[in-house]
1. If A:M49 meets every condition in (1) surrounded by fewer than 19 Cβ atoms within 10 Å (Cβ to Cβ); (2) out of contact with any Phe, Trp or Tyr (no Cβ under 9 Å at 6 or more places or on another chain); (3) modelled with pLDDT under 95 apart from one, which number is that one?
2. Can you work out which of the residues in the range B:4-26 that are more than 23 Å from A:M54 (Cα to Cα) and surrounded by fewer than 18 Cβ atoms within 10 Å (Cβ to Cβ) is nearest to the other protein chains (Cβ to nearest Cβ)?
3. Quick test for you: out of B:R40, B:R54, pick the one residue that is assigned to a helix (DSSP H, G or I) and under 23 Å from A:K80 (Cα atoms).
4. Anything in the range A:93-137 that is of a type in the set (K, R) and in a loop (DSSP other than H, G, I, E, B)? List them, or say none.
5. Can you tell me which residues in the range A:27-40 are touching a helix residue (DSSP H, G or I) at 6+ places or on another chain (Cβ under 8 Å) and surrounded by fewer than 17 Cβ atoms within 10 Å (Cβ to Cβ)?
6. Which one is farthest from A:E67 (Cα to Cα) among residues in the range B:71-89 that are surrounded by fewer than 19 Cβ atoms within 10 Å (Cβ to Cβ) and within 12 Å of chain A (Cβ to nearest Cβ)?
7. Here are A:L130, A:L89, A:L68: which of them is at pLDDT 95 or above, aliphatic (A, V, I, L, M) and under 21 Å from B:G88 (Cβ atoms)?
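The values are calculated or read from the model by the stated rules, or taken from the named source; none is laboratory data. Model, not experiment: these values are computed from the prediction. Note: ideal-geometry Cβ built from the backbone for every residue, glycine included; neighbour counts use all protein chains shown.
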Amino acid sequence: MSDASPVRKLGPLRDLRADELAIIKKMLAASPFEAKLAPQVSAMKVQEMPDGGMGSIKFFNGRPRSELEYGKEIAEAAFKDADGVPVSLSLRVDKAGDLFELDVWKVDFSPLIGYPDPEDLEIVERHGQLGFPPQKS
Amino acid sequence: MRGRGQVIVFGQDTNQISHAFRHTDVLGLDRAEVADAITRNLQPYLPLPVPPPRDFIFMGRVTVRGLELSYQAYPLSEELVNVGRITGP
(Lines give C-alpha, C1' and ligand atoms only; values in the text may rest on other atoms or scores of the structure.)
Protein backbone atom coordinates (compact mmCIF):
# COMPACT_ATOMS: atom_id res chain seq x y z
CA MET A 1 0.00 0.00 0.00
CA SER A 2 1.52 3.29 -1.07
CA ASP A 3 1.91 6.14 1.35
CA ALA A 4 1.80 8.60 -1.46
CA SER A 5 -1.03 11.05 -1.07
CA PRO A 6 -2.22 12.03 -4.50
CA VAL A 7 -3.63 15.50 -4.93
CA ARG A 8 -7.22 15.20 -3.86
CA LYS A 9 -9.20 17.59 -5.96
CA LEU A 10 -12.56 18.67 -4.69
CA GLY A 11 -15.34 19.44 -7.14
CA PRO A 12 -16.54 22.95 -7.93
CA LEU A 13 -18.52 24.89 -5.37
CA ARG A 14 -22.24 24.29 -5.61
CA ASP A 15 -25.40 24.59 -3.54
CA LEU A 16 -26.68 21.64 -1.58
CA ARG A 17 -29.20 19.62 -3.51
CA ALA A 18 -32.66 19.29 -2.00
CA ASP A 19 -32.15 15.59 -1.21
CA GLU A 20 -28.82 16.27 0.51
CA LEU A 21 -30.32 19.12 2.51
CA ALA A 22 -33.22 16.98 3.71
CA ILE A 23 -30.86 14.24 4.86
CA ILE A 24 -28.52 16.66 6.60
CA LYS A 25 -31.39 18.42 8.36
CA LYS A 26 -32.60 15.10 9.72
CA MET A 27 -29.11 14.26 10.94
CA LEU A 28 -28.71 17.70 12.52
CA ALA A 29 -32.01 17.25 14.31
CA ALA A 30 -30.53 14.16 15.96
CA SER A 31 -27.43 16.03 17.10
CA PRO A 32 -26.76 18.55 19.86
CA PHE A 33 -25.71 21.02 17.16
CA GLU A 34 -29.12 21.60 15.59
CA ALA A 35 -29.75 25.03 17.11
CA LYS A 36 -26.41 26.36 15.91
CA LEU A 37 -26.08 24.70 12.52
CA ALA A 38 -29.58 24.16 11.13
CA PRO A 39 -30.14 27.88 10.37
CA GLN A 40 -26.87 28.02 8.39
CA VAL A 41 -26.97 24.82 6.41
CA SER A 42 -29.39 25.84 3.66
CA ALA A 43 -27.12 28.64 2.50
CA MET A 44 -23.87 26.69 2.64
CA LYS A 45 -21.89 25.79 -0.46
CA VAL A 46 -20.33 22.37 -0.80
CA GLN A 47 -17.74 20.59 -2.91
CA GLU A 48 -17.90 16.96 -3.92
CA MET A 49 -15.09 14.81 -2.60
CA PRO A 50 -13.24 12.31 -4.81
CA ASP A 51 -14.64 9.13 -3.29
CA GLY A 52 -15.60 7.21 -6.41
CA GLY A 53 -19.11 8.61 -6.66
CA MET A 54 -20.35 7.63 -3.21
CA GLY A 55 -21.50 11.20 -2.58
CA SER A 56 -19.24 12.60 0.14
CA ILE A 57 -19.26 16.40 0.30
CA LYS A 58 -17.12 18.99 2.00
CA PHE A 59 -18.77 22.13 3.37
CA PHE A 60 -17.19 25.41 2.31
CA ASN A 61 -17.08 28.15 4.90
CA GLY A 62 -15.26 30.76 2.87
CA ARG A 63 -11.81 29.21 2.84
CA PRO A 64 -10.15 25.88 2.16
CA ARG A 65 -9.92 23.69 5.24
CA SER A 66 -7.36 20.96 5.74
CA GLU A 67 -8.32 17.53 7.01
CA LEU A 68 -6.36 18.55 10.11
CA GLU A 69 -9.28 20.81 11.01
CA TYR A 70 -11.57 17.79 11.39
CA GLY A 71 -13.24 17.95 14.77
CA LYS A 72 -15.70 15.17 15.36
CA GLU A 73 -18.73 13.27 14.14
CA ILE A 74 -22.00 14.78 15.35
CA ALA A 75 -24.44 12.32 13.78
CA GLU A 76 -24.39 8.94 12.06
CA ALA A 77 -27.14 7.57 9.87
CA ALA A 78 -27.76 4.62 7.58
CA PHE A 79 -30.03 3.56 4.76
CA LYS A 80 -30.12 1.08 1.91
CA ASP A 81 -29.47 2.31 -1.60
CA ALA A 82 -31.83 1.40 -4.42
CA ASP A 83 -29.75 -1.73 -5.11
CA GLY A 84 -30.07 -2.86 -1.50
CA VAL A 85 -26.49 -2.07 -0.51
CA PRO A 86 -26.15 -0.42 2.91
CA VAL A 87 -24.92 3.18 3.00
CA SER A 88 -23.44 4.85 6.06
CA LEU A 89 -23.49 8.62 6.57
CA SER A 90 -21.28 10.52 8.99
CA LEU A 91 -21.91 14.24 9.55
CA ARG A 92 -18.86 15.99 10.91
CA VAL A 93 -17.87 19.39 12.27
CA ASP A 94 -14.47 21.03 12.38
CA LYS A 95 -12.60 21.90 15.54
CA ALA A 96 -14.55 25.19 15.74
CA GLY A 97 -17.88 23.37 15.61
CA ASP A 98 -18.76 24.42 12.07
CA LEU A 99 -20.05 21.95 9.48
CA PHE A 100 -17.05 20.22 7.91
CA GLU A 101 -18.14 17.29 5.77
CA LEU A 102 -20.74 14.66 5.11
CA ASP A 103 -18.87 11.41 4.65
CA VAL A 104 -20.81 8.88 2.62
CA TRP A 105 -19.70 5.27 2.56
CA LYS A 106 -21.53 2.74 0.45
CA VAL A 107 -20.18 -0.42 1.94
CA ASP A 108 -19.28 -2.08 -1.35
CA PHE A 109 -17.57 1.15 -2.54
CA SER A 110 -19.90 1.41 -5.54
CA PRO A 111 -21.37 4.79 -6.58
CA LEU A 112 -24.43 6.03 -4.72
CA ILE A 113 -27.65 5.66 -6.69
CA GLY A 114 -29.64 8.09 -4.62
CA TYR A 115 -30.72 9.28 -1.21
CA PRO A 116 -33.89 7.90 0.32
CA ASP A 117 -36.82 9.83 1.63
CA PRO A 118 -35.64 11.20 5.00
CA GLU A 119 -38.31 9.02 6.63
CA ASP A 120 -36.31 5.99 5.53
CA LEU A 121 -33.05 7.29 6.96
CA GLU A 122 -32.18 5.64 10.25
CA ILE A 123 -30.20 7.56 12.83
CA VAL A 124 -27.52 5.31 14.33
CA GLU A 125 -26.86 5.75 18.03
CA ARG A 126 -23.77 4.00 19.34
CA HIS A 127 -23.51 5.64 22.75
CA GLY A 128 -19.76 5.27 22.55
CA GLN A 129 -19.97 1.50 22.13
CA LEU A 130 -17.51 -0.27 19.86
CA GLY A 131 -18.48 -3.16 17.61
CA PHE A 132 -21.92 -3.15 16.04
CA PRO A 133 -24.47 -0.60 17.30
CA PRO A 134 -26.61 -1.77 20.18
CA GLN A 135 -29.99 -3.25 19.33
CA LYS A 136 -32.92 -0.90 19.71
CA SER A 137 -34.84 -1.55 22.91
CA MET B 1 -4.73 -8.30 4.08
CA ARG B 2 -6.39 -11.47 5.33
CA GLY B 3 -7.65 -12.41 8.74
CA ARG B 4 -9.50 -15.59 9.74
CA GLY B 5 -10.90 -16.27 6.30
CA GLN B 6 -12.01 -12.71 5.53
CA VAL B 7 -9.86 -10.46 3.38
CA ILE B 8 -9.78 -6.88 4.67
CA VAL B 9 -9.95 -4.22 1.97
CA PHE B 10 -9.57 -0.45 2.34
CA GLY B 11 -11.04 0.73 -0.98
CA GLN B 12 -11.21 -0.46 -4.55
CA ASP B 13 -9.21 2.21 -6.33
CA THR B 14 -6.70 4.96 -5.62
CA ASN B 15 -9.35 7.58 -4.97
CA GLN B 16 -11.26 5.39 -2.53
CA ILE B 17 -8.12 4.32 -0.70
CA SER B 18 -7.07 7.97 -0.44
CA HIS B 19 -10.55 8.84 0.76
CA ALA B 20 -10.41 6.19 3.48
CA PHE B 21 -6.97 7.26 4.65
CA ARG B 22 -7.32 11.01 4.18
CA HIS B 23 -7.49 11.80 7.87
CA THR B 24 -4.52 9.61 8.78
CA ASP B 25 -2.49 10.87 5.80
CA VAL B 26 -2.56 14.42 7.14
CA LEU B 27 -1.50 13.13 10.54
CA GLY B 28 1.61 11.79 8.86
CA LEU B 29 0.77 8.16 9.54
CA ASP B 30 1.97 5.40 7.28
CA ARG B 31 -0.96 3.76 5.51
CA ALA B 32 0.48 0.28 5.81
CA GLU B 33 0.99 0.77 9.54
CA VAL B 34 -2.59 1.98 10.00
CA ALA B 35 -3.96 -0.87 7.89
CA ASP B 36 -1.91 -3.39 9.84
CA ALA B 37 -3.16 -2.02 13.18
CA ILE B 38 -6.77 -2.20 12.00
CA THR B 39 -6.33 -5.71 10.62
CA ARG B 40 -4.82 -6.89 13.90
CA ASN B 41 -7.55 -5.15 15.89
CA LEU B 42 -10.25 -6.86 13.82
CA GLN B 43 -8.79 -10.35 14.26
CA PRO B 44 -10.66 -11.29 17.46
CA TYR B 45 -13.97 -10.34 15.85
CA LEU B 46 -13.50 -12.29 12.63
CA PRO B 47 -15.34 -13.68 10.91
CA LEU B 48 -17.77 -10.78 11.14
CA PRO B 49 -21.34 -12.03 10.69
CA VAL B 50 -22.94 -11.79 7.26
CA PRO B 51 -25.23 -9.94 7.21
CA PRO B 52 -24.25 -7.96 10.31
CA PRO B 53 -26.84 -7.02 12.94
CA ARG B 54 -29.39 -4.63 11.40
CA ASP B 55 -27.01 -4.31 8.44
CA PHE B 56 -25.07 -1.68 10.37
CA ILE B 57 -21.34 -1.18 10.27
CA PHE B 58 -18.79 -2.27 12.83
CA MET B 59 -16.76 0.36 14.68
CA GLY B 60 -13.33 -0.22 16.16
CA ARG B 61 -10.56 1.82 17.69
CA VAL B 62 -6.80 1.50 17.39
CA THR B 63 -3.81 3.49 18.54
CA VAL B 64 -1.04 4.17 16.03
CA ARG B 65 2.03 6.09 17.13
CA GLY B 66 0.15 7.43 20.12
CA LEU B 67 -2.83 8.63 18.09
CA GLU B 68 -6.24 7.09 18.68
CA LEU B 69 -8.04 6.28 15.45
CA SER B 70 -11.56 5.08 14.84
CA TYR B 71 -12.42 2.84 11.92
CA GLN B 72 -15.56 1.38 10.47
CA ALA B 73 -15.87 -1.96 8.75
CA TYR B 74 -18.57 -3.92 6.98
CA PRO B 75 -18.53 -7.65 6.21
CA LEU B 76 -19.61 -7.78 2.60
CA SER B 77 -19.33 -11.56 2.46
CA GLU B 78 -17.81 -14.49 4.32
CA GLU B 79 -14.62 -13.75 2.38
CA LEU B 80 -14.49 -9.95 2.43
CA VAL B 81 -14.56 -7.12 4.97
CA ASN B 82 -14.46 -3.57 3.66
CA VAL B 83 -13.00 -0.77 5.76
CA GLY B 84 -14.20 2.53 4.38
CA ARG B 85 -13.82 5.08 7.12
CA ILE B 86 -10.85 5.91 9.32
CA THR B 87 -10.77 9.05 11.42
CA GLY B 88 -8.20 10.56 13.70
CA PRO B 89 -8.44 12.11 17.13
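1. With (1) surrounded by fewer than 19 Cβ atoms within 10 Å (Cβ to Cβ); (2) out of contact with any Phe, Trp or Tyr (no Cβ under 9 Å at 6 or more places or on another chain); (3) modelled with pLDDT under 95 applied to A:M49, the lone miss is (1).
2. Looking only at the range B:4-26, we keep the residues that are more than 23 Å from A:M54 (Cα to Cα), and these are B:4-6.
Retained after the next criterion (residues that are surrounded by fewer than 18 Cβ atoms within 10 Å (Cβ to Cβ)): B:4-5.
Numbers: B:R4: 16, B:G5: 19 Å.
It comes out as B:R4.
3. On the way: B:R40 fails: under 23 Å from A:K80 (Cα atoms).
Answer to the selection: B:R54.
4. We begin by selecting, within the range A:93-137, every residue of a type in the set (K, R); these are A:95, A:106, A:126, A:136.
If the condition is that a residue be of a type in the set (K, R) and in a loop (DSSP other than H, G, I, E, B), then A:K95, A:R126, A:K136 are the ones that fit.
5. A:A29, A:E34, A:A38
6. Just the residues of the range B:71-89 that are surrounded by fewer than 19 Cβ atoms within 10 Å (Cβ to Cβ), to begin with: B:77-80, B:89.
Okay, now just the ones that are also within 12 Å of chain A (Cβ to nearest Cβ), so B:77, B:80, B:89.
Working: B:S77: 31, B:L80: 29, B:P89: 11 Å.
Out of the qualifying residues, it is B:S77.
7. Details: A:L130 fails: at pLDDT 95 or above; A:L68 fails: at pLDDT 95 or above.
The conditions single out A:L89.
Every residue, every condition in (1) in contact (Cβ under 8 Å) with a residue 60 or more places away in the chain; (2) facing another protein chain (nearest Cβ under 9 Å); (3) touching a Phe, Trp or Tyr at 6+ places or on another chain (Cβ under 9 Å); (4) surrounded by fewer than 14 Cβ atoms within 10 Å (Cβ to Cβ), yes or no:
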| residue | (1), (2), (3), (4) |
| --- | --- |
| B:G28 | no, no, no, yes |
| B:A32 | no, yes, no, yes |
| B:I57 | no, yes, yes, no |
| B:E68 | no, no, no, yes |
